[in-house]
Amino acid sequence: MARTQKFSRQSEVVVGAQEAFDWHARPGAFARLAPPWTDVRMLTDHPGIEEGTRVELSMPAAGPIRVRWHALHDRCVPGSEFRDIQEKGPFKRWEHTHSFRPAEGGTGGSIIEDSIEYELPLGALGAAVAGGMIRADLERTFTYRHRITRDDLAQHHTSGLAPARIAITGETGLVGSALVPFLTTGGHEVLTVGRAADCDVKWDALSADASQGLDGLNGCDAVIHLAGANIAGGRWTDSRKEEIRESRVYGTMSLARALARLEQPPKVLVCASAVGFYGDRSLGDGEIDETAEPGTGFLSEVCIGWEEATEPASAAGIRVVHLRLGVVLDARGGALQRMLLPFQLGAGGRLGSGKQPMSWVALDDVLGIVLHALSTDELSGPVNAVAPELVDNAGYTATLAGVLRRPAIAPVPAPVVSTLFGEMGRELLLAGAPVVPGRLSATGYRFRHGLLEDALRHTLGRRPETS
């Protein structure tokens, strides 16, 4: 006999029911709500949530095996609720109602609620075998989803940024692929810029005429420049270093020149940079804010040239912000994803002495910082995009191991790092600087994840009581 299970989760958000509903209806909502620790993919273009629209998903089952999930939106009351039901998938029955209602007390906010009724295959046996695991997974998933929804809506609401036309280069990278849905769900129009066939504006940063052909950016309110060769993509041979330098310095200069020539240039250019600007500093050197001098080494040289390359845009009156990014943490990619497997196997540990500072920032805060840069007119020049909590490499590895409930007893000596990775390993893994978000603090940015443990638990879905 089938047993119907029920699950619900509700949260209060700062915006009204209509705006909360609209956020869910816009392109990008699925990407924002998909937990980063599981590889769930939407196989259809954004269909909307109107009655009769369908969504097809692919999700991991066991090992390399994936299952398809076909869902139908069978009910939609704009500003109030919508429901999706499983037509084909792993459950015997699944009905998920998303509802929105005004909060009590006249706060102007609203209550969002997810209510799910489901039945597992094999009746009582299925419930006995998998019921507890499914329930725990729902708790984990909707804790994440509701925090994302609350925080995204709050940041868009408090930014005061009117719907804008925003162009982004490097939209397929870790930051860019999260930034596009973050902005579209916030009501902004996003144009992607790059070589891919599906980009809205075609542009090859390293072509001989890279500063030409960007007329499609005319009339954009803002441009966010993230494109560049992966610094951590392999050993720094001479040819690799030249590729990194050209993709950032030459590509940025070409973009800045093109923007300066537009009849209607953007008001702001937000350009990625890195804390590598400061070189290698110890915690004993004191906190490093945006007034600090550059360091030495390849990364410092690249960052200096990278930032100077925006001069044509500045000279044309475009407000330019250089985001000096720390190590961006998210389970979907970057440094954290590469570290997960050895740490999950109990083979993680500090690198070298472990005393090197590690300036880090949660991916969701990078998105919020970009929005803050777009909406804060007094911000220009360098902005340290790092969390306020300073940690060293040993502290980071101990925290990650604790969140995963694994030991961190396999340190990698500095000579081994140097042998395996050469100059790249010495500058990226064995060096660092105690960078602090001076200008973000001065302009009132509120971090979602100011503490490392909270950032890791959020992106890995590891709440303390279920770790």
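The values are calculated or read from the model by the stated rules, or taken from the named source; none is laboratory data. It should be emphasised that the depicted structure is a prediction, and the values quoted were computed from it without experimental measurement. Quick reminder, even Gly has a Cβ in these numbers, built from the backbone with ideal geometry, and neighbours come from all protein chains shown. Quick note on the areas: whole protein, heavy atoms, side chains included, nothing else; ligands and nucleic acids left out. Shrake-Rupley method; radii C 1.70, N 1.55, O 1.52, S 1.80 Å.
When restricted to residues that are of a type in the set (D, E, K, R) and without any contact (Cβ under 8 Å) to a residue 60 or more places away in the chain, the range 402-445 contains 1. Residues in the range 306-319 that are open to solvent by 20 Å² or more (accessible area, probe 1.4 Å) and either modelled with pLDDT under 95 or at negative phi (or both): E307, E308, E311, P312, S314, A315, A316, R319. Screening P411, P415, P382 for residues that are crowded, with 18+ Cβ neighbours inside 10 Å and either more than 22 Å from A331 (Cβ to Cβ) or small (G, A, S) (or both) leaves exactly one candidate, P382.
Do we find that V391 is out of contact with any His (no Cβ under 9 Å at 6 or more places or on another chain) and of a type in the set (A, V, I, L, M, F, W, C) in this structure? In short, yes.
Of the residues making up the range 45-54, not a single one is outside any loop (DSSP other than H, G, I, E, B), without any contact (Cβ under 8 Å) to a residue 60 or more places away in the chain and either open to solvent by less than 40 Å² (accessible area, probe 1.4 Å) or under 28 Å from R463 (Cα atoms) (or both). Residues in the range 350-379 that are buried (at least 21 other Cβ atoms within 10 Å of the Cβ), among the hydroxyl-bearing types (S, T, Y) and over 22 Å from A167 (Cβ atoms): S359 only. Here R332 fits the description: open to solvent by 10 Å² or more (accessible area, probe 1.4 Å), closer than 16 Å to A232 by Cβ and in contact (Cβ under 8 Å) with a residue 40 or more places away in the chain. Assess whether G444 counts as being of a type outside the set (S, T, Y), touching a Pro at 6+ places or on another chain (Cβ under 9 Å) and not in a helix (DSSP H, G or I). No: the conditions fail for G444.
In summary, C220 fulfils each of the numbered conditions (1) open to solvent by 30 Å² or more (accessible area, probe 1.4 Å); (2) closer than 30 Å to D22 by Cβ with the single exception of condition (1). When each of P163, P181 is tested for being of a type outside the set (S, T, N, Q), touching a Gly at 6+ places or on another chain (Cβ under 7 Å) and not in a helix (DSSP H, G or I), the lone residue that passes is P163.
Can you work out which of the residues in the range 418-451 that are open to solvent by 50 Å² or more (accessible area, probe 1.4 Å) and of a type in the set (S, T, Y) is nearest to the chain's Cα centre (by Cα)? That would be S441. State whether one or more residues within the range 244-264 are touching a residue at least 60 places away in the same chain (Cβ under 8 Å) and among the hydroxyl-bearing types (S, T, Y). No - not one qualifying residue is present in the range 244-264.
Only helices (runs of 4 or more DSSP H) whose full extent lies in the range 309-375 are considered here, and the ones with at least 1 residues that are over 30 Å from V268 (Cα atoms) are 334-344.
Quick grid of which residues meet (1) part of a loop (DSSP other than H, G, I, E, B); (2) open to solvent by 30 Å² or more (accessible area, probe 1.4 Å); (3) out of contact with any helix residue (DSSP H, G or I) (no Cβ under 7 Å at 6 or more places or on another chain); (4) modelled with pLDDT of 95 or more:
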position	(1), (2), (3), (4)
S177	no, yes, yes, yes
A196	yes, yes, yes, no
L206	yes, yes, no, no
E242	no, yes, yes, no
G251	no, no, yes, no
Q264	yes, yes, yes, yes
